[in-house]
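Student: Handing you a structure now.
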Amino acid sequence: PQCGRKGKTMATTLIKPPYELTVYDFFVHFDADDNGNEALDLQLPVVKSIGVKPSEQKQTIHASGVIYDTVSTVTEPTLSLSSVALPREFTDRADGSVKKGCAAADVAQPIKPTFACGYWCGNSDGSKTYYYHPQCKLSYSDDETHQTRTNTPVDPSVGRTVDIMPTNEGIWRVRYYTNGVTKPLTPQEFFEKQPNTLEKVMALDGAESAK
C-alpha cells in the first residue's frame with residue numbers, strides 16, 4: 001500500500017511584481033584616512049545607466065556516480081557606470097591622485113582608497129529599490145577621448161568601472177525594498193546608515209524614516 005500523509009493542499013500565491021522604470025542618483029562614501037582626507041559623502045544626479053556583473057565560480061560535487069551538489073562563489077563582481085559627468089572630488093580621490101587645491105597629478109602607482117557606493121531605482125508601482133556596495137575601488141577608463149565641438153548636439157557620457165570587493169562577511173551588495181513598508185527609509189537615510197555588516201543589514205527591517 002502507498003504510505004503518506006493527507007493534509008491540506010497549499011494555496012498558490014499570485015504575485016504581480018513591479019518592474020523597474022528608471023535609475024536615479026549615485027551615492028559615494030569615503031571614510032577618513034591616514035593621509036589627512038576627511039570622510040566624504042556625495043550624491044550625484046548624473047547617472048545614465050548602471051550595469052552590475054557578478055562573476056560566479058561553480059564547483060560540482062559528485063558522489064555515488066551522480067551529482068550530489070553544486071557550490072557557487074561570487075568573485076570579482078563589477079559595476080559599469082555610465083554618467084553625464086563625474087566630479088573630480090570623486091574621481092581624484094578614488095583614482096589615488098596626488099592633489100592640492102586646483103592641482104592634481106596622476107601617478108603610475110596610485111594608492112587607491114576603498115569606498116562605498118550605491119544607487120536607487122524607481123518601480124512601476126511607485127515603490128523604490130536601493131542598492132548598496134560596501135567595499136569598492138575605481139578602475140581607470142579604457143580610454144579618454146577629447147573631441148572638438150561640432151554642430152551636432154552634445155550627448156556627454158563618461159564611463160567608469162567599479163570593482164566590487166566582498167567584505168569580511170562576504171557581503172558584496174545590499175538591497176532594500178520600500179514596497180510594503182509603512183514608513184520606508186529615504187534614499188539619503190538608507191545610504192547614511194552604511195549597512196556594511198550583516199547586523200546592520202538585518203537592522204534595516206523595521207527601521208522607519210524620520211521624515
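Student: Scan the chain and hand back the longest stretch that contains none of the GluC sites (Glu not before Pro) lying in DSSP loops with at most 12 other Cβ atoms within 10 Å.
Tutor: 39-143
Student: Relative contact order, percent, of the chain when contacts are C-alpha pairs under 8 Å separated by at least 6 residues?
Tutor: Details: 356 pairs, mean separation 39.3, N = 211.
In percent, rounded to a whole number, it is 19.
Student: How do Ile61, Ile15 stack up against each other in accessible area, from largest to smallest, with a 1.4 angstrom probe?
Tutor: Sorted descending by solvent-accessible area, the residues read Ile15, Ile61.
Student: Output wanted: per-residue J couplings in Hz (rounded whole) for the range 86-100, from phi through Karplus 6.51 cos²θ - 1.76 cosθ + 1.60, θ = phi - 60°, x for Gly and Pro.
Tutor: 10, x, 5, 4, 8, 5, 4, 6, 5, 7, x, 5, 8, 9, 7
Student: Regarding the chain, what's the average projected area of the Cα-atom convex hull, expressed in nm²?
Tutor: The directionally averaged projection comes out at 21.3 nm².
Student: Would you kindly derive the ³J(HN,Hα) couplings of the range 166-182 from the backbone phi angles with the Karplus curve 6.51 cos²θ - 1.76 cosθ + 1.60 (θ = phi - 60°), listing them in order in whole Hz, with x for Gly and Pro?
Tutor: The phi angles translate into x, 6, 4, 8, x, 7, 10, 7, 10, 10, 9, 10, 8, 4, x, 8, 5 Hz.
Student: Once every DSSP H run of n ≥ 4 in the chain is given -39500 (n - 2.57) and the sum is divided by its residues, what mean residue ellipticity at 222 nm do you get, rounded to the nearest 500 deg cm²/dmol?
Tutor: Computed mean residue ellipticity for the chain: -2000 deg cm²/dmol.
Student: Next question, about the same structure. Of Lys16/Lys128; Lys53/Lys137; Lys128/Lys183; Lys48/Lys137; Lys53/Lys193; Lys112/Lys137, which pairs sit farther than 18 Å apart, going by alpha carbon to alpha carbon?
Tutor: As for pairs spanning more than 18 Å Cα to Cα, those are Lys48/Lys137; Lys53/Lys193.
Student: When the Karplus curve 6.51 cos²θ - 1.76 cosθ + 1.60 is applied with θ = phi - 60°, which whole-Hz ³J(HN,Hα) does each residue of the range 145-153 get, with x for Gly and Pro?
Tutor: Per-residue couplings from phi come out as 10, 10, 10, 6, 6, 10, 7, 6, x Hz.
Student: Anyone know which of Arg149, Arg88, Arg160 comes out most mobile in the 10 Å Cα GNM of the chain?
Tutor: Its mean-square fluctuation being the largest, the pick is Arg149.
Student: In addition: Tell me the net charge near Gln43. Cut-off is 11 Å between Cβ atoms, Gln43 excluded, with +1 for each Lys or Arg and -1 for each Asp or Glu.
Tutor: Taking every Cβ under 11 Å from that of Gln43, the sum is -3.
The values are calculated or read from the model by the stated rules, or taken from the named source; none is laboratory data. Computed from a predicted model, the values in this text were never measured in an experiment. Backbone-built Cβ (ideal geometry, glycine too); neighbour counts: all protein chains shown. Accessible surface areas use protein heavy atoms only, side chains included; no ligands, DNA or RNA. Shrake-Rupley method; radii C 1.70, N 1.55, O 1.52, S 1.80 Å.
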